[in-house]
Ligand code: GDP
């Protein structure tokens, strides 16, 4: 499955947010650094209003959302790349995730210690980024050196990866995270980069953790983060971990009222989950029938057989056709039969690239 790693300095609200996300007490929130020692992984349902509409039209008995995982990664401090705090253990955990959710403290509270003694989310982001870049730089310098030698001896594998290594190394030497080149890369290069297992090559979402009073409006700190994110071509969102942990304990009807009273339209967690999902460049297709309406996750660009394989490997192996209706057609025309009559149902083959929102019936050989 796909994983977002939640990182940040100690006491910024990571565990509070993670607990709210998974509605468990697994990652215990406490007012001291290094509370979350083992990485905790939680799977969450991806909220998607399209599910309900499809289920209504098809008269499905059940709705099954798709899921993504969040990992609460133990606290990083200044000096982690040199083994401070949980040091290398933390760094190893980051290698396992596909994207990073970076929580930044944007709330003032004298009772909650800030490890650096001041509220400065942009400075905090820089502290963490620096640790990750130092770690990448050191490991890459070592590996590039070896790879250069092997490439000089005409080693094929080394010749293939060396250009990406050199490009990543150049960025790090210029003080830039490797992810700044992600958008310029072709698929093969992305694959090579992925194989290098770097810490700063993951896409990042900044999450500004604010007090309840600032949840609807943000504050000067969140504005500074938004500006920084924009400069990096990254996204930022404003969430109050304190509010989210309360909302997570309420039944759905009550949580809407509670949020409305605070001037919020939607739970911050729903925004966070969706932002994480798009950060991973994931899209959703649906299977719809009287029994259930279900959402399935694929990477953007996946072809029909690969999409079928998410349901079952047999579906991929025996793939014949994908009977496909776009979500808008399905909903606007009122279901499968009218969509078919209007000529909006397509019989797609092996080369079809599945689109977000496609409603699909797969035909396959067993
Ligand atoms: P972590 O070390 O980043 O995982 O931080 P925790 O989630 O354990 O939070 C550290 C402390 O800050 C806990 O006592 C939380 O209750 C508190 N905290 C978290 N979010 C907020 C917030 O939005 N406002 C205030 N005032 N306290 C918060």
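The values are calculated or read from the model by the stated rules, or taken from the named source; none is laboratory data. Remember, predicted model here, so these are calculated numbers, not experimental data. Counting neighbours? That spans all protein chains shown, and the Cβs are built from the backbone with ideal geometry, glycine included.
Within region 20-58, being more than 8 Å from the ligand (Cβ to nearest atom), surrounded by 17 or more Cβ atoms within 10 Å (Cβ to Cβ), in a loop (DSSP other than H, G, I, E, B) and at pLDDT below 90 holds for 39, 46.
Of the residues making up region 241-257, those that are in contact (Cβ under 8 Å) with a residue 60 or more places away in the chain and either within 30 Å of residue 122 (Cβ to Cβ) or within 11 Å of the ligand (Cβ to nearest atom) (or both) are 241, 242, 244, 245, 247, 248.
Can you say whether residue 98 is away from the ligand (no atom under 16 Å from the Cβ) and modelled with pLDDT of 80 or more, as far as the supplied structure shows? Don't jump to the end; show me each part of the working.
Details: away from the ligand (no atom under 16 Å from the Cβ): yes; modelled with pLDDT of 80 or more: yes.
Judged against the criteria, residue 98 is a match.
Taking the numbered list (1) touching a strand residue (DSSP E or B) at 6+ places or on another chain (Cβ under 8 Å); (2) assigned to a helix (DSSP H, G or I) in turn, residue 119 passes all entries but (2).
Checking the condition in a helix (DSSP H, G or I), touching a helix residue (DSSP H, G or I) at 6+ places or on another chain (Cβ under 6 Å) and modelled with pLDDT of 75 or more, which residue from 17, 9 passes?
Numbers: 9 fails: in a helix (DSSP H, G or I).
Just one listed residue meets the conditions, 17.
The rows are residues; the columns are (1) away from the ligand (no atom under 16 Å from the Cβ); (2) buried (at least 21 other Cβ atoms within 10 Å of the Cβ); (3) under 24 Å from residue 273 (Cα atoms).
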{"residue": "157", "(1), (2), (3)": "yes, no, no"}
{"residue": "179", "(1), (2), (3)": "yes, yes, yes"}
{"residue": "192", "(1), (2), (3)": "yes, no, no"}
{"residue": "200", "(1), (2), (3)": "yes, yes, yes"}
{"residue": "208", "(1), (2), (3)": "no, yes, yes"}
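In the condition set (1) assigned to a helix (DSSP H, G or I); (2) outside the structural domain of residue 63 (by TED's automatic domain parsing); (3) touching a strand residue (DSSP E or B) at 6+ places or on another chain (Cβ under 9 Å), residue 328 is compliant with all but (3).
Quick check, is residue 61 at pLDDT 95 or above, under 22 Å from residue 195 (Cβ atoms) and away from the ligand (no atom under 16 Å from the Cβ)? Spell out how you get there, then give the answer.
Details: at pLDDT 95 or above: yes; under 22 Å from residue 195 (Cβ atoms): no; away from the ligand (no atom under 16 Å from the Cβ): yes.
No, not satisfied.
Return a yes/no flag: does region 331-342 have any residue that is crowded, with 17+ Cβ neighbours inside 10 Å and assigned to a strand (DSSP E or B). No, region 331-342 contains no residue that is crowded, with 17+ Cβ neighbours inside 10 Å and assigned to a strand (DSSP E or B). Taking residue 281, is it under 23 Å from the mean Cα position of the chain (by Cα) and within 14 Å of residue 47 (Cβ to Cβ)? So residue 281 does not fit the description; no.
Taking into account only those residues within region 7-19 that are more than 6 Å from the ligand (Cβ to nearest atom) and under 18 Å from the mean Cα position of the chain (by Cα), which is nearest to residue 203 (Cα to Cα)?
Let us first name the residues in region 7-19 that are more than 6 Å from the ligand (Cβ to nearest atom), namely 7, 9, 17-19.
Add one more test, that the residue is under 18 Å from the mean Cα position of the chain (by Cα), and what stays is 7, 17-19.
Numbers: 7: 13, 17: 20, 18: 19, 19: 23 Å.
Within region 7-19, the match that is nearest to residue 203 (Cα to Cα) is 7.
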